[in-house]
Structures are given as C-alpha cells and as structure tokens.
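Trainee: Structure below; questions to follow.
The values are calculated or read from the model by the stated rules, or taken from the named source; none is laboratory data. All values derive from a computational prediction rather than experimental measurement. We place every Cβ from the backbone using ideal geometry, glycine too, and count neighbours over all the protein chains shown. Just so you know, the surface numbers come from the protein's heavy atoms only, side chains and all, with ligands and any DNA or RNA stripped out. Shrake-Rupley method; radii C 1.70, N 1.55, O 1.52, S 1.80 Å.
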Amino acid sequence: MNSVEYALNLVGSLTATGLRAGVGIITQGARTQPAQLLELYEFEGCPHCRLVREVLTELDLDALIYPCPKGGRRFRPRVEARGGKAQFPYLVDPNNGVALYESADIIAYLFKTYGPGSPSLAWRFIELQRIGSIAATAVTLSRGSRARSSSAPEYPLELFSFESSPFARPVRETLCELELPYQLRSVGRAGAGDWVPLAIRRATQMEATPSTRNRQRLKDIAGTVSVPYLVDPNTGQAMAESAEIVKYLESTYAG
C-alpha cells in the first residue's frame, strides 16, 4: 500500500469512526476477566463482526483473533469443521466450553458472562447498531474482506487497539487480508487522561496514569500509550504508528 492509498484508506476509516458515534472507544471494564483468551473467528470487513469487536472494547476483553476473510484458507475451514458452517463471527470460549455464531448471541453471552449481566443501553437496540455498522463498513469499501497471499507466522502477533480507533483499523484490515492471527489487547478509554492526544502529552510532558490494565501494560512496553501498537514475537519487532505498521506487515508477510 503506497502513501496515497493509505491516506485514502485513513479518510474512510475516520468517516467510519464518526458514523459509529463513539461506540467502540470507551471501556466500562469487565466484571471478571477470562483465564484463557477468548477466540474470535471473524473478518474486518464484516459489519456483524464489528459489533462483537466493539463489545470487546467496551468490556475491556482481550481475544485471540483468527482472521477469516473471503477466500481465506487458513482458518475458515476450522470454523466449518467445528461449527458446521462458514458463518462469522464465531466465538469460542475455552473457559466454559462455549462456541457461538450470531453477533447478537455472542454479545449477550459476553455481557452475561464477563460484564454486568445485561447489555448496556446501546446494545439493547442491536438492530440499530447493526444498521450503523453496515454504514461504517460501506465507507471503508469493505476493506479487510478478501484474503491475499501471505506467509504464515509461527506465533500470533500482538496488537494494542480499540475498535473505533481510525488509525488501528488499517492495521487490522491488513492483518485480516493477510490472514495473520493476533492477540487483540483492548485499550479502550476509561479515564479523562486517556482522551488527551499523544502530541499534546508529548508537548506538555504530561503522562497521565493509565486507567486500564492494557494501557498500563502498553506504557510499560513502549514508554507511552500510543494506539495502535504492534508486537511481533516472530521477529522481535515492536512499533507504533499505523502507516509504519502496515508497511512492516506488507514487507514481512505479504506475497
């Protein structure tokens, strides 16, 4: 992806974030954290999958993402073998032996099992959320929907992200198209300091105390909280800045 393509992609991503009107940014935190990572089979260009990822941000839940873009051969067959059909999203919770299709069912399960019990107000109108997600997918031209040739990593990558970050979205789209599995670390905003842009924090030498476990972890790793942030255990690389991460993924795994 050249600089012009990336810039156009970012415009669509910013528009998609605006259309979701703040959903997938704020985290309320989970009532309890799963001992083992949740497993989510999905693809970035799927509006129904987006809803589940937004709830992961809201509940501050991490997940092992298995990208299943159209034409993908790495993880789609696994879903068909386990669940009987190639339908997405598909959630596997190894903590409770649960496997679910249908975004509404998955969302209800996450709130009941790890959240406050019942869905928050926004998620009680799931069909309205679905319409908004479809619109957001349309403005991104369904990027992150089609598989491209790539080399498979030995170990899953690790991505610090929150769902509606316009800068994290191009990274997730690339990970999806290349069918690269990754551990999604939710870094939704919870405290007032989380909303201060990185440039202002640097200019004023202000570094607010991170308000969530993954924001603290990211600060420990990178020295500051900057989203997205990618860690690749296969090469030892770790980096911030969306465009640089996309460039790295393309040069390391595409083709």
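Trainee: What is the sum of charges around residue 178, taking Lys and Arg as +1, Asp and Glu as -1, for the other residues whose C-beta is under 10 Å from the C-beta of residue 178?
Mentor: Its environment carries a net charge of -2.
Trainee: Report the calculated FRET efficiency for residue 21 and residue 243 (r = Cβ-Cβ distance, R0 = 30 Å), to the nearest 0.05.
Mentor: 0.70
Trainee: Further, regarding this structure: Cysteines of the chain lacking any other cysteine beta carbon under 4.7 Å?
Mentor: Lone cysteines by the Cβ rule: 68, 176.
Trainee: Count charges around residue 143 for me, please; just the other residues with Cβ under 11 Å from its Cβ, Lys/Arg as +1, Asp/Glu as -1.
Mentor: -1
Trainee: Kindly identify the range 110-189 as rounded, prolate or oblate by the Cα gyration tensor criterion: order the square roots of the eigenvalues as a ≥ b ≥ c, call it rounded if a/c is under 1.5, otherwise compare a/b with b/c, prolate if a/b is larger, else oblate.
Mentor: oblate
Trainee: Once you order the gyration tensor axes a ≥ b ≥ c over the Cα atoms, which shape class does the range 73-132 get: rounded for a/c under 1.5, otherwise prolate or oblate by comparing a/b with b/c?
Mentor: oblate
Trainee: Tell me, Kirkwood radius of the chain from alpha-carbon pair distances, in Å?
Mentor: Taking the inverse mean of 1/r over all distinct Cα pairs, the chain comes out at 18.2 Å.
Trainee: To continue, here is another question. As an exercise, take the mean of 1/r over every pair of distinct alpha carbons in the range 41-112, invert it, and state the Kirkwood radius in angstroms.
Mentor: For the range 41-112, inverting the mean 1/r across all distinct Cα pairs yields 12.3 Å.
Trainee: On to the next question. Can you give the Kirkwood hydrodynamic radius of the range 1-66 from its Cα pairs, in Å with one decimal?
Mentor: Evaluated on the range 1-66, it is 13.6 Å.
Trainee: So with the 1.4 Å probe, I'd like the accessible area per residue for the chain, rounded to whole Å².
Mentor: Result: 43 Å² per residue.
Trainee: Carbon and sulfur: what percent of the chain's accessible surface (1.4 Å probe)?
Mentor: Heavy-atom surface of the chain belonging to carbon and sulfur, 1.4 Å probe: 55 percent.
Trainee: Please compute the Cα-Cα pair-distance distribution of the range 52-180 with 5 Å bins starting at 0, giving whole percents from short to long.
Mentor: 2, 9, 17, 22, 23, 18, 7, 2, 0
Trainee: Can you give the FRET efficiency for residue 80 and residue 146, using 1/(1 + (r/R0)^6), R0 = 25 Å, r = Cβ-Cβ distance, to the nearest 0.05?
Mentor: The value I calculate is 0.85.
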